[in-house]
1. Within segment 87-97, does at least one residue satisfy the condition of being among the charged types (D, E, K, R) and in contact with a Gly (Cβ under 9 Å, 6 or more places away or on another chain)?
2. Just to check your reading of the model, which residue among T46, T75 is under 25 Å from V234 (Cβ atoms) and surrounded by fewer than 16 Cβ atoms within 10 Å (Cβ to Cβ)?
3. Scan segment 147-180 for residues that are within 19 Å of H112 (Cβ to Cβ), not in a strand (DSSP E or B) and not hydrophobic (A, V, I, L, M, F, W, C) and jot them down.
4. Identify, from the list C117, C131, the residue that is in a loop (DSSP other than H, G, I, E, B) and under 17 Å from A173 (Cβ atoms).
Amino acid sequence: MADAAPTGPIVIDAAHCGPPHSGNGGWTAGLLAERVRTSASQPSVTVRLTSPPPLDRPLTVGGYGSLVLLQDRSTGIATGSPSAAPTLDLPQPATAAEAEAAEARYEGLTDHPFPTCFSCGTGRSLEDALCLRPGPVADDSGRYAARWTPRESSVPLVWAALDCPGGWSAGIAGRPMVLGQMTAQVHRLPEVGVEHVVTAWPVGGEGRKFLSASMLSTPEGEVIAVATATWIAVDPESIRPANSGEGETR
């Protein structure tokens with residue numbers, strides 16, 4: 001993805017928010033991941049979010065060696081760097097039928113900390129958001145699953161699709177959490193108009209940190225993207241975007 005990497009500032013528009021006044025974590029991380037040069041030995045990208053991404057204004061992109069920096073004026077928003085492929089024992093991808101049934105058990109339908117979220121918000125529509133509904137699969141695997149039929153196909157969209165299902169599998173219901181770090185490897189982009197499945201599962205946690213993993217699979221069960229994530233439990237009132245005095249991040 002590095003050969004045709006975008007250039008210039010990054011602007012996170014309001015349609016790609018998490019909470020109302022800051023960027024969706026997965027979308028923001030995916031935008032930065034497009035600027036990171038990967039290699040055969042480091043085919044993944046790790047993005048660490050350090051401050052809530054503000055909306056609708058240019059964020060500068062700089063570099064220091066292999067590290068790519070996203071900044072809002074003098075405030076660091078995120079860093080991106082190449083990394084090794086995620087080391088995971090992948091569970092069986094959920095089928096479309098399992099994902100459809102799981103969506104009826106989506107906890108966000110009754111208790112969503114950020115209903116404006118581009119990836120999984122219940123206050124959004126398919127006209128301008130993903131509207132994923134990741135719910136627990138009806139077995140003892142701990143997997144969460146949701147269907148996704150891309151209307152467009154891009155690296156940021158894949159990161160956004162992998163993002164929130166992991167948070168729900170990590171236990172975001174009733175306990176607001178924000179994305180702290182995400183590592184993803186996109187083997188190939190999904191086909192537009194084809195129903196895919198996002199499968200997520202908890203990996204562990206300690207204190208306020210919770211770990212999750214997620215993958216995107218085709219109708220045939222081929223895994224085309226994999227991610228791991230670190231989530232931080234927060235008080236929503238304590239999170240404010242840099243230099244704006246309002247909002248949260250997700």
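1. No, segment 87-97 has no match at all.
2. Residue meeting the stated conditions: T75.
3. Within segment 147-180, D163, P165, G166, G167, S169, G171, G174, R175, P176 meet the criteria.
4. On the way: C131 fails: under 17 Å from A173 (Cβ atoms).
Criteria check complete, one pass: C117.
Residues are listed down the side, and each one gets a yes or a no for (1) out of contact with any strand residue (DSSP E or B) (no Cβ under 9 Å at 6 or more places or on another chain); (2) modelled with pLDDT of 95 or more; (3) buried (at least 19 other Cβ atoms within 10 Å of the Cβ); (4) closer than 18 Å to E195 by Cα:
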site: F118; (1), (2), (3), (4): no, yes, yes, no
site: R133; (1), (2), (3), (4): no, yes, yes, yes
site: P165; (1), (2), (3), (4): no, yes, yes, yes
site: I172; (1), (2), (3), (4): no, no, yes, no
site: V178; (1), (2), (3), (4): no, no, yes, no
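The values are calculated or read from the model by the stated rules, or taken from the named source; none is laboratory data. Being a predicted model, the structure only gives us computed values, none of them experimental. Virtual Cβ from ideal backbone geometry, glycine too; neighbours counted across all protein chains shown.
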